Amino acid sequence: MSLLISNILNQSPNSIYIGALLILVSCIANVSRHQAITKSMEFSAKSRFTLLNMLYQKLLKVQTQAIDTGKLIGLATADISMLEYYFMLIFQIFVMPISLIFGSIILYIRFDGLIGLIPLFIIMLIYPLQIFVQKQSIQYTKLYKQEQDKRIKLQSEFIDNIKVIKMYNVEDRLNQKIQEVRKREQKYLLKSQMIQLIDRSLNFFAQIWASMFFIVILYVFNYELDSASLIATIQQLQYFKVSCVQQVSYGIQSYLNIKMIFQRYIDIFNNLKIKSKQIQVHQSPELIKVNEFSIGWKQEERLLKSISIQINPKDIILITGKIGSGKTSFLLSLIDDGPLTLGGYMSQKEHLTKSYVEQDPILFEDTIQNNITFGKLYIEELYQKVIEVTCLKEDIQKMQQKDQTIINDRVTTISGGQKTRIALARALYSLSDILILDDPFSSLDAPIQIQIYKNLIEFLQSYHFAQTNKYPAVVLTSHSQAIINQFQKFYLLQDGLLVEQLNDNFNDFKLINLQRKNESVEQQQTVDKNQVVKNQVQIKKNNKFYYYFANWTKNKILSMILLVLVVLMNFLSETLYNCYYNGISLLKAENQDQQIKYIIMICILAFVNNYVKYILNSYGCLSANSHIHNNMIRSISQGKMAYFDQTAGSTVLTKFSTDLSLADNMIPVTLYDFWELGSYFLVSLFSLVILQIHFIYIMIVTILLNQYILGNYRNLIIKSQELDQQTKGPLLDLFKKTIAGLRTISVFEQQGYFLKQFNNATNNAILSNTTYYYSQRLFGISIDFLGLMVQQCGIVMIFLFNKNETFTQALLLLMIFNENQQWFLRQSLSFVTQINCVDRMQDLIGIDQEDSKISEKQVVNLNGNLNFSNVYLKYNQDYALSGLTLNIKQGEKVGIIGRTGAGKSSIISIIFRLYDIEKAEKFEIDGYEIRDLCPSVLRRNISIIPQQPIIFNDTFRFNVDIFNQHSEQDILNILRDVRLYDYVQSLPNGLNSQFGELSQGQKQLVSLSRVLLQDRPIIIMDEATSNLDSETDLLIKEILLEKLRNKTVITIAHKTQTIKDYDKIVKIENGRVSKVGAPFEILEDL
């Protein structure tokens, strides 16, 4: 370039050849650069997905208890997604040595000696500072990541349990905890960015301060200052700024972040403990032998002691005992996913196959058929047999999509009974050697329990044997008296010992009469994911650009002022740079003192201006992200349940992990470039027009061609980026499904089935990711070569029309313009694609909200009188309640019974206003129209013990007293009543301890203690005693009758023992009340 300038000034005929050589070299450089970027992109994609694949394969082998959900999901989404960015940048650092070598040669020749190398040494002085700054920044980044893990874990729990959280009316309290974590997260991120911005402030005008120091050195040593050589040197430093400063800075930053992410990856990977085989293998015919077997969750605590038992083919073994006695722990030991072995041994027959049904069965987001076959070959005869055994046939026939109905990830679209029966059908379909069933009948009414149990025994002893030529064994736990009465003897777990009992010595309950009318299994109205019409969920969104920038502060006017200020400061930066270039071009022997002071002052002002504008930009972005995050949390808290029935939880969580992480980390950086390059683009254009009027023709052509190229590639890049984001979703889905169902996957030995799904999803993600990056490369190549054409045309026009004293300054601007205009266009498009994450987050903000006529601030104290007349509730196209009429007076204890899918759970849903009814003659509570009440006001007056209670990842105290409204003594008194006092006292920090392992029954007692502390007028129990032993069931009944004497209690129950002393029982059929009466009137017909 220096040679070209000299030849043009001297009007040498060689100028045209030198210009042609420059074009050729520039073309080769561009092609090489894009080839290198393409290779780095391919490496980035393969590396990221290889890491994900390794992590997933390890996940499939670990113990369920060894998983930290927040860290794992954060690593799989936010961290590994950011590797995509860091891997691309770190490769650019390898350009630096080549740039230094060629740059050194050019500067040595230009200044006839080593003095020409001084600018390079000055540039290189920034390297130690860059390393120091980035190391300081990464410390805060680590803290940011830790808080991000905590937040993602909390939000995952929130989303997965949204229905129960709404009924508990604890959304605001949990949101407060999440927002506290988010504030700490943003505090560390802002500190990290503020430190990084010191580095960036120096990097992005490195050619200015480096040349300034160089000029001062030349001046001090009385070296002749030639403006043409200095301008050419600045152009060379402009190239060094990119290849030797910015890219090195990005490389150091990327290296440190990659190192941090890899360290997190290694820590999480190593903490995923592969299950150690505690069960030995034997060759004898027994399926499982247990001898003097002792287990515990800690080395010093023995839960079960000296257990000895043999399980043989055809055995049907029932184990019962009080809650917390160790029944589930023993079953987990049988599947080798349980507590530690502390003595004795357990061995099993070689190649033994097992099936397992949990108390709270895990179903996957898939069709009913696929949940039952669960990766095995579909066999029509076997499939039809198992759905008949589990009484699912009529349920499936009444569903719109039959067995192709999709079960959503929170399993809110089927009833609890249907969920259990599908899990049981899955266990039977596997034709395993042993079935391990953890209280699977608790969510079913007694007649169905007996029917399925008898079908099960017949299936195992006839069809199963005919297909496998082997008799299977069954190990079953249950509290159900109906099931217990089917056994002449069973095993009782008591005080850590397994004691054989005869049924006659256990109780004297009569056998349940199975002679009853043949009732059809009513359909639970199912929302089929395949049938959801997209426009049923109304999403209200603002323009994404306006929405983002309008929330840079809490006030929209101030946000616009801040935005304008940032833009003006960027124009000021470019103005200062041009003043600097002008100052150098005017350097002459007679004005050196004044001009050097001038350029030093300009340099200082430029640094201060840069740092301030970066800080304001970061503040605005983080403020907008905070506003978006809080709005998302608020939106899902108040969103209608219909949205969550139709939307996968992983889809919602992605907006809080991947999208929010992109907004936090990528948008601020892209905006730095966008403002700087955009302002430079405009300033350079006008400056060049002023300096060289003929350049206006090139400017017009450039703008038109840029718009043409941008228009051609914009939709392609945006659509391919959307596809890239969409194909990453299934990977997160699989991680979440695997974490939730790991035990089930392991027992059924379906790791290969899930790994195949993961590999398919990975291949799709790689393909779409490659498509996205190739479309970006095509765009980059197009604008690069357009830039080259513009640059050379400009040189020719300047050569032909103007050779005045402003020539060198104009040529410098033109060369720098070519370097920056492609980045401006690319970053413009990057910003458009990245801002799509704001659009996706707005999808969540704009969901339909629960509404009311009575304000949330209005105090409404209810007494518990419910008056429903002819109420209709529709899910999708079918009625769940069709003419329900129900009257409950204050203080009444009412039991609700009915077959699975009859509409019992729908009654709870409308009482809590989780769903809007279609119509009703009366729908009142204490004279208030329920539809007019604010949902949160209504829910403040109702407590619930759900069928599957939530235990939050927090202290015992928080779980019992979520709103922190009660004294420690009050809490301990309640825990004494529910018999949890001794358990809490055994914890290291009492009430302030984190939870240990809890049985399902103990979790329900925790829920009961919440209810007693809340002291609300209406209590709802949804199968709250289904997992409790008879003694604890009796305890709860006494508490209800004594401590809740004046409360309205509504209990949905399959255990008739629970409600036999209630004021009345309501029987539900086909979504309406079929019979109401005293317990003895209703129960004698069962």
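The values are calculated or read from the model by the stated rules, or taken from the named source; none is laboratory data. Quick caveat: nothing in here was measured; it's all calculated off a predicted structure. So basically every Cβ, Gly included, is an ideal-geometry build from the backbone, and we count neighbours across all protein chains shown.
Might you check whether a residue that is among the aromatic types (Phe, Trp, Tyr), in contact (Cβ under 8 Å) with a residue 24 or more places away in the chain and either assigned by TED's automatic domain parsing to the domain that holds Tyr774 or not in a helix (DSSP H, G or I) (or both) occurs anywhere in the range 725-735?
Within the range 725-735, one or more residues are among the aromatic types (Phe, Trp, Tyr), in contact (Cβ under 8 Å) with a residue 24 or more places away in the chain and either assigned by TED's automatic domain parsing to the domain that holds Tyr774 or not in a helix (DSSP H, G or I) (or both).
Table: residues versus (1) surrounded by 20 or more Cβ atoms within 10 Å (Cβ to Cβ); (2) free of Cβ contacts under 8 Å to residues at least 40 places away in the same chain; (3) among the polar types (S, T, N, Q).
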| site | (1), (2), (3) |
| --- | --- |
| Ile118 | no, no, no |
| Leu125 | no, yes, no |
| Lys135 | no, no, no |
| Arg182 | yes, no, no |
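Output the residue which, of all residues in the range 1021-1039 that are among the aliphatic types (A, V, I, L, M) and surrounded by fewer than 24 Cβ atoms within 10 Å (Cβ to Cβ), is farthest from Ser443 (Cα to Cα).
Filtering the range 1021-1039 for residues that are among the aliphatic types (A, V, I, L, M) and surrounded by fewer than 24 Cβ atoms within 10 Å (Cβ to Cβ), the one farthest from Ser443 (Cα to Cα) comes out as Ile1039.
What single numbered condition from (1) buried (at least 19 other Cβ atoms within 10 Å of the Cβ); (2) at pLDDT 75 or above; (3) in contact with a helix residue (DSSP H, G or I) (Cβ under 8 Å, 6 or more places away or on another chain) fails to hold for Phe807?
(2)
Given Ser684, Ser650, Ser623, Ser635, which one is small (Gly, Ala, Ser) and within 26 Å of Ile766 (Cα to Cα)?
Ser650
Can you pull out every residue in the range 370-392 that is assigned to a helix (DSSP H, G or I) and either under 32 Å from the mean Cα position of the chain (by Cα) or exposed (fewer than 15 other Cβ atoms within 10 Å of the Cβ) (or both)?
Scanning the range 370-392 gives Asn370, Asn371, Ile372, Thr373, Glu380, Glu381, Gln384, Glu388.
If the requirement is being surrounded by fewer than 21 Cβ atoms within 10 Å (Cβ to Cβ), within 18 Å of Leu392 (Cβ to Cβ) and of a type outside the set (A, V, I, L, M), which of these qualifies: Pro440, Pro447?
Pro447
Taking helices (runs of 4 or more DSSP H) that do not extend beyond the range 60-142, which have at least 2 residues that are farther than 20 Å from Asn665 by Cα?
95-110, 118-124
Which one is modelled with the lowest pLDDT, of the residues in the range 383-400 that are out of contact with any Ser or Thr (no Cβ under 9 Å at 6 or more places or on another chain) and of a type in the set (A, V, I, L, M)?
Leu392
Matching residues to (1) out of contact with any strand residue (DSSP E or B) (no Cβ under 6 Å at 6 or more places or on another chain); (2) in contact (Cβ under 8 Å) with a residue 12 or more places away in the chain; (3) farther than 29 Å from Phe958 by Cβ:
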site: Val1006; (1), (2), (3): yes, yes, no
site: Ile1018; (1), (2), (3): no, yes, no
site: Ala1024; (1), (2), (3): no, yes, no
site: Ile1039; (1), (2), (3): yes, yes, no
site: Ile1050; (1), (2), (3): no, yes, no
site: Thr1058; (1), (2), (3): yes, yes, no
site: Lys1075; (1), (2), (3): no, no, yes
site: Glu1084; (1), (2), (3): yes, no, yes
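Would you confirm whether or not the range 323-337 contains a residue that is over 21 Å from Phe487 (Cβ atoms), crowded, with 22+ Cβ neighbours inside 10 Å and hydrophobic (A, V, I, L, M, F, W, C)?
Yes, some residue in the range 323-337 is over 21 Å from Phe487 (Cβ atoms), crowded, with 22+ Cβ neighbours inside 10 Å and hydrophobic (A, V, I, L, M, F, W, C).
Collect the residues in the range 459-473 that are of a type in the set (D, E, K, R) and either buried (at least 17 other Cβ atoms within 10 Å of the Cβ) or within 16 Å of Glu381 (Cβ to Cβ) (or both), keeping them in residue-number order.
Matches in the range 459-473: none.
For the range 267-346, which fully contained strands (runs of 3 or more DSSP E) count at least 2 residues that are under 22 Å from Leu60 (Cβ atoms)?
279-282
Regarding the range 704-712, can at least one residue be identified that is surrounded by fewer than 16 Cβ atoms within 10 Å (Cβ to Cβ), at pLDDT below 80 and not in a helix (DSSP H, G or I)?
No, because not a single residue in the range 704-712 is surrounded by fewer than 16 Cβ atoms within 10 Å (Cβ to Cβ), at pLDDT below 80 and not in a helix (DSSP H, G or I).
Which residue out of Gln449, Gln486 is assigned to a helix (DSSP H, G or I), polar (S, T, N, Q) and either out of contact with any Lys or Arg (no Cβ under 6 Å at 6 or more places or on another chain) or at pLDDT 90 or above (or both)?
Only one candidate passes the filter, namely Gln449.
Among the residues of the range 151-167, are any among the polar types (S, T, N, Q) and part of a helix (DSSP H, G or I)?
yes
Answer yes or no: is there a residue in the range 872-885 that is over 30 Å from Glu394 (Cβ atoms) and touching a Leu at 6+ places or on another chain (Cβ under 7 Å).
no
Checking Leu1034 against (1) over 30 Å from Val860 (Cβ atoms); (2) within 40 Å of the chain's Cα centre (by Cα), which test does it fail?
For Leu1034, the exception is condition (2).
Go over the candidates Leu60, Leu100, Leu89 one by one and state the one that is closer than 30 Å to Leu154 by Cβ and surrounded by 15 or more Cβ atoms within 10 Å (Cβ to Cβ).
Step by step, each of Leu60, Leu100, Leu89 is checked, and only Leu60 is closer than 30 Å to Leu154 by Cβ and surrounded by 15 or more Cβ atoms within 10 Å (Cβ to Cβ).
Determine whether the range 741-760 contains at least one residue that is at pLDDT 85 or above, of a type in the set (Phe, Trp, Tyr) and more than 26 Å from the chain's Cα centre (by Cα).
Yes: one or more hits.
Quick check, is Tyr255 among the aromatic types (Phe, Trp, Tyr), under 18 Å from Phe132 (Cα atoms), modelled with pLDDT of 85 or more and not assigned by TED's automatic domain parsing to the domain that holds Lys349?
For Tyr255, the condition - among the aromatic types (Phe, Trp, Tyr), under 18 Å from Phe132 (Cα atoms), modelled with pLDDT of 85 or more and not assigned by TED's automatic domain parsing to the domain that holds Lys349 - is met.
Output the number of the condition that His351 fails; it satisfies all remaining conditions of (1) part of a loop (DSSP other than H, G, I, E, B); (2) at negative phi.
(2)
Conditions: (1) buried (at least 20 other Cβ atoms within 10 Å of the Cβ); (2) at pLDDT 90 or above; (3) farther than 11 Å from Lys349 by Cβ. Ile288 meets all but one. Number of the miss?
Here Ile288 clears every test but (3).
Quick test of your reading of the structure: Ser12 fulfils all but one of (1) at pLDDT below 80; (2) in a helix (DSSP H, G or I). Name the failing condition by number.
(2)
Where in the range 1042-1086 are there strands (runs of 3 or more DSSP E), lying wholly inside it, with at least 3 residues that are surrounded by fewer than 18 Cβ atoms within 10 Å (Cβ to Cβ)?
Ranges flagged: 1072-1077.
Counting residues that are β-branched (Val, Ile, Thr) and either touching a strand residue (DSSP E or B) at 6+ places or on another chain (Cβ under 9 Å) or closer than 23 Å to Glu1023 by Cα (or both), which strands (runs of 3 or more DSSP E) fully inside the range 856-910 reach at least 2?
Passing ranges, in order: 878-888, 893-897.
Of the residues Asp977, Asp932, Asp961, which single one is farther than 21 Å from Lys1037 by Cα and in contact with a helix residue (DSSP H, G or I) (Cβ under 8 Å, 6 or more places away or on another chain)?
Asp961
Inspect all residues belonging to the range 982-994 and state whether any of them is crowded, with 17+ Cβ neighbours inside 10 Å, in contact with a helix residue (DSSP H, G or I) (Cβ under 9 Å, 6 or more places away or on another chain) and modelled with pLDDT of 90 or more.
No; the residues of the range 982-994 include none that is crowded, with 17+ Cβ neighbours inside 10 Å, in contact with a helix residue (DSSP H, G or I) (Cβ under 9 Å, 6 or more places away or on another chain) and modelled with pLDDT of 90 or more.
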